[in-house]
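Inspection log for the structure reproduced underneath, given as structure tokens.
The values are calculated or read from the model by the stated rules, or taken from the named source; none is laboratory data. Treat the numbers as computed from the prediction; the structure is a model and nothing was measured. Note that each Cβ is placed from the backbone with ideal geometry, even for glycine, and that neighbours are counted across all protein chains shown. For accessibility, only protein heavy atoms count, side chains too; no ligands or nucleic acids. Shrake-Rupley method; radii C 1.70, N 1.55, O 1.52, S 1.80 Å.
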Amino acid sequence: MERCGAVVSCVFAVILVLQLGLTPIMAQQEQQIGIAGKEVILSCKAINNQKDGTCTWKYKYKEVSSTIISFSKAQVFKGKAPMTHRSELNSNSKKLKVSDLSLDDAGIYTCACYSPVVSISLHVFKLTISSNGHFLTNEDLELTLMQNSSHSQPHLSIKLFNINNNIVTTEILQEEAPQKYILKLKQLKAIDSGTWMCHVYSNSPSINQNISFDVKVLGFEEERLEIVYTTVGNTAILSWHLNFRKIKWKEGFTGKLNWEPQGNTAIHELLNFSVTTHQELHKTKKSNHIWFEISEGKTDGTMDVKIPKVQLNHSGQYKCQLEINGRRTESVRALVVMQVTAIPAGPLSRGGKMTLLCQVSGPLPSNAHLLWERVNGTQMEMKKSKQHEAKVEVNVSAPGLWNCHLVEDNNKKISLNYTVETGKKDGTSKTILAGKEDMSVSTPDV
């Protein structure tokens, strides 16, 4: 009876010793994240400081296993795993570097250098940006996030952070989740150019990963409609500041400047331009209109058009348009011209009357109006235009100085004065814009 007990104890002891002996060579699995298109370095942590033995890295996905690379002091053997040609082994640390990751590289990687065997579960994410991250203003961004691993894919929480590290609200499509998520962001602006961040989170398995990506939005530094106010005979300069140099846009593109006269549906192409891959801007005048000039010599990406002596019929919308691969965006400058005339023309006769007419070249927005006032005059001598009307008249029976103001949101955008005189001299007019003889620019809320 004692002998049997001894035998059982011996067997138990042998089994226990075998279990304890096997424990060190069983794989210890950890998880690592990889990003498609990037590289990942997998560490073979326990190498026992022995440099003469053989180390083998293997890859397994589902039930298929293959050798990536095997290293010994004598030679390096490369296997037939899908990523073998993109893999390098550090002979000292035994770390495996896999370059240009793809979704298909997800799986179990094992490193057998001695004991214990190291096992790493590689979870790969692939982030794809529509238009390769290159957009025109007001275009939509579509971001596709895909994942792959040797285990079942977890459902993900995804947040998008803009260049100012602020969370951006997006539409998330999850019809193919958890393998694939699509995020949509509408109407990008030029100020959105820069490095964005996609944050991916999962509780089980534990994933807390940031994936950065670049966005370039080609357009204009001033995207809203600008209204340029001036008067007949003055010089007007219309400017567009293109941002292609600021965002280091590497692709070539073309553009043109169209003029749509006020009250006329005809469109005139004034000039076209092209930008090379070396960021050189070339302009070509296309129109036979001789009243405007192209500013040359600027290297900051500015497009300037100069009108030396503005006339009422030069008013309208000037549209600078950019085009690349059939996609277009544009920025508009509206030129509004003011003119003052007297009816009848000439000096005021004794006992006579005169009508002063102040008009601008086009309908005014609801927040703007024209106002006649006599300098040092009374409240009764003021005359305001009706809403949306582009002209105002005042009857004059005595000499004096009159001012016509274009008022927008209680701000005088431009003024033109007219001196009514008696005798042989004609009345004279002079422009005053925001306290000086120049143009005035306004950006309305549109």
### Message
Need the failing condition index for Glu222 against (1) loosely packed, with under 14 Cβ neighbours inside 10 Å; (2) touching a residue at least 60 places away in the same chain (Cβ under 8 Å), just the number.
### Response
(1)
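Which of the residues that make up the stretch 125-162 are at positive phi and either touching a Pro at 6+ places or on another chain (Cβ under 9 Å) or in contact (Cβ under 8 Å) with a residue 60 or more places away in the chain (or both)?
If the condition is that a residue be at positive phi and either touching a Pro at 6+ places or on another chain (Cβ under 9 Å) or in contact (Cβ under 8 Å) with a residue 60 or more places away in the chain (or both), then Gly133, Asn138 are the ones that fit.
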#### Entry: Of all residues in the stretch 92-115 being open to solvent by less than 30 Å² (accessible area, probe 1.4 Å) and in contact with a helix residue (DSSP H, G or I) (Cβ under 9 Å, 6 or more places away or on another chain), the one that is farthest from Val40 (Cα to Cα)
Asp105
### Query
What residue, among those in the stretch 266-286 that are assigned to a loop (DSSP other than H, G, I, E, B) and free of Cβ contacts under 8 Å to residues at least 24 places away in the same chain, is most open to solvent (accessible area, probe 1.4 Å)?
His278
### Query
Does Gly255 satisfy the condition of being among the small types (Gly, Ala, Ser) and not in a strand (DSSP E or B)?
no
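For the stretch 193-244, enumerate the residues that are outside any loop (DSSP other than H, G, I, E, B) and acidic (Asp, Glu).
Asp214, Glu226
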### Message
For the structure I just gave you, tell me whether Asn410 is farther than 20 Å from Gln317 by Cβ, at pLDDT 90 or above and either surrounded by fewer than 18 Cβ atoms within 10 Å (Cβ to Cβ) or touching a Ser or Thr at 6+ places or on another chain (Cβ under 6 Å) (or both).
### Response
no
### Considering residues of the stretch 56-82 that are modelled with pLDDT of 90 or more and of a type in the set (Phe, Trp, Tyr) only, the residue surrounded by the fewest Cβ atoms within 10 Å (Cβ to Cβ)
Phe77
